[in-house]
1. Would the stretch 84-101 turn up any residue that is free of Cβ contacts under 8 Å to residues at least 24 places away in the same chain and part of a strand (DSSP E or B)?
2. Kindly provide the set of residues from the stretch 190-217 that are in a loop (DSSP other than H, G, I, E, B), touching a Pro at 6+ places or on another chain (Cβ under 9 Å) and closer than 15 Å to Phe77 by Cα, ordered by number.
3. Taking the conditions exactly as written (out of contact with any Asp or Glu (no Cβ under 6 Å at 6 or more places or on another chain), of a type outside the set (Ser, Thr, Tyr) and in a helix (DSSP H, G or I)), does Ala137 satisfy them or not?
4. Taking the stated definitions as given, is Ala149 of a type in the set (A, V, I, L, M, F, W, C) and either farther than 28 Å from Val87 by Cα or not in a helix (DSSP H, G or I) (or both)?
5. Inspect the stretch 171-184 for any residue being loosely packed, with under 14 Cβ neighbours inside 10 Å and either in a loop (DSSP other than H, G, I, E, B) or more than 30 Å from the chain's Cα centre (by Cα) (or both) and give the result as yes or no.
6. Going through Val63, Val74 one at a time, which residue ends up being over 12 Å from Phe131 (Cβ atoms) and either touching a residue at least 24 places away in the same chain (Cβ under 8 Å) or assigned by TED's automatic domain parsing to the domain that holds Leu184 (or both)?
7. Only one of Phe96, Phe131, Phe161 is surrounded by 14 or more Cβ atoms within 10 Å (Cβ to Cβ), under 17 Å from Arg56 (Cβ atoms) and either touching a His at 6+ places or on another chain (Cβ under 6 Å) or of a type in the set (Phe, Trp, Tyr) (or both). Can you tell me which?
8. Please find, among Asn90, Asn105, Asn126, the residue that is polar (S, T, N, Q) and under 18 Å from Thr157 (Cα atoms).
Amino acid sequence: MAKKQQRALMIQKLAVGAAVVVIVGLLGFLYTLVLTEAPLGEFVEGEHYVTIENPRRVRGDKVEVMEFFSYGCVHCFDFDPKLNDWVADNRDRIEFVRTPAISSNFWRLLARTYYAMEELGVLEENHSRLFNDLHNARRDLDSLDKIAAWIDGHGTTAAAFKSMAASPGIEQRLELADRMARRLDITSVPSIVVNGKYLVRITSEVGPTRMLDVMDYLVEKETAPPVQ
């Protein structure tokens, strides 16, 4: 009798073990199937990007990609080289625009500097240099006089820079940038707005590298022919 019970118990154990192996194998197969069949490069609205409630109208044949940034933001500094490479690779299909963020008096000073350099035609020469001197060299550039001395001899003069930075045109551009950020709900930088419709920012789901992948996805979305 005892032998029969032992044999029955052994058969039950073998049956349970076999069932576990089958279930584990099935789960593994399904997991592989999901990985194989899931479309690559698909991003989810609300998780990887958001649709802007009050979008801005964009004119032109190319997709506009607008970055909100600040020279005072270390994440923008880290992101800038990657973004520059991405922009260079996509020049044929995008129109790239930078807009400085204004969330403090210091960031407003840096935004003023950005627009003054752009108006004077010295932005390309000094853009990366300003980032580097603020974050790597730790230069003290917390006043217009200090920035004027910093830029003197780098495509312009201190006097020309200060005159441009204080001009009514720069004040107007600062006001427009601040208004645009509020309209598009920019709460952190770096943030990217694609064609005035979609907002991409760094989150727990989207790091700097993946941000570029989401941008690729949204540019493709905007350039894809309409579904008939």
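The values are calculated or read from the model by the stated rules, or taken from the named source; none is laboratory data. As the structure is a computational prediction, the values presented were derived from the model and not from experiment. Cβ placement follows ideal geometry from the backbone for every residue including glycine, while neighbour counts extend to all protein chains displayed.
1. No, because not a single residue in the stretch 84-101 is free of Cβ contacts under 8 Å to residues at least 24 places away in the same chain and part of a strand (DSSP E or B).
2. So in the stretch 190-217, the residues in a loop (DSSP other than H, G, I, E, B) come out as 190, 195-197, 202-207.
Subset that is touching a Pro at 6+ places or on another chain (Cβ under 9 Å): 190, 195-197, 202.
Pro190, Ile202, listed by residue number.
3. Numbers: out of contact with any Asp or Glu (no Cβ under 6 Å at 6 or more places or on another chain): yes; of a type outside the set (Ser, Thr, Tyr): yes; in a helix (DSSP H, G or I): no.
Spelling it out, it is not the case that Ala137 is out of contact with any Asp or Glu (no Cβ under 6 Å at 6 or more places or on another chain), of a type outside the set (Ser, Thr, Tyr) and in a helix (DSSP H, G or I).
4. So Ala149 fits the description; yes.
5. Within the stretch 171-184, none of the residues are loosely packed, with under 14 Cβ neighbours inside 10 Å and either in a loop (DSSP other than H, G, I, E, B) or more than 30 Å from the chain's Cα centre (by Cα) (or both).
6. Values: Val74 fails: over 12 Å from Phe131 (Cβ atoms).
One residue alone meets the criteria, Val63.
7. Details: Phe131 fails: under 17 Å from Arg56 (Cβ atoms); Phe161 fails: under 17 Å from Arg56 (Cβ atoms).
Phe96 is the lone residue from the list that is surrounded by 14 or more Cβ atoms within 10 Å (Cβ to Cβ), under 17 Å from Arg56 (Cβ atoms) and either touching a His at 6+ places or on another chain (Cβ under 6 Å) or of a type in the set (Phe, Trp, Tyr) (or both).
8. Details: Asn90 fails: under 18 Å from Thr157 (Cα atoms); Asn105 fails: under 18 Å from Thr157 (Cα atoms).
Exactly one of Asn90, Asn105, Asn126 is polar (S, T, N, Q) and under 18 Å from Thr157 (Cα atoms), namely Asn126.
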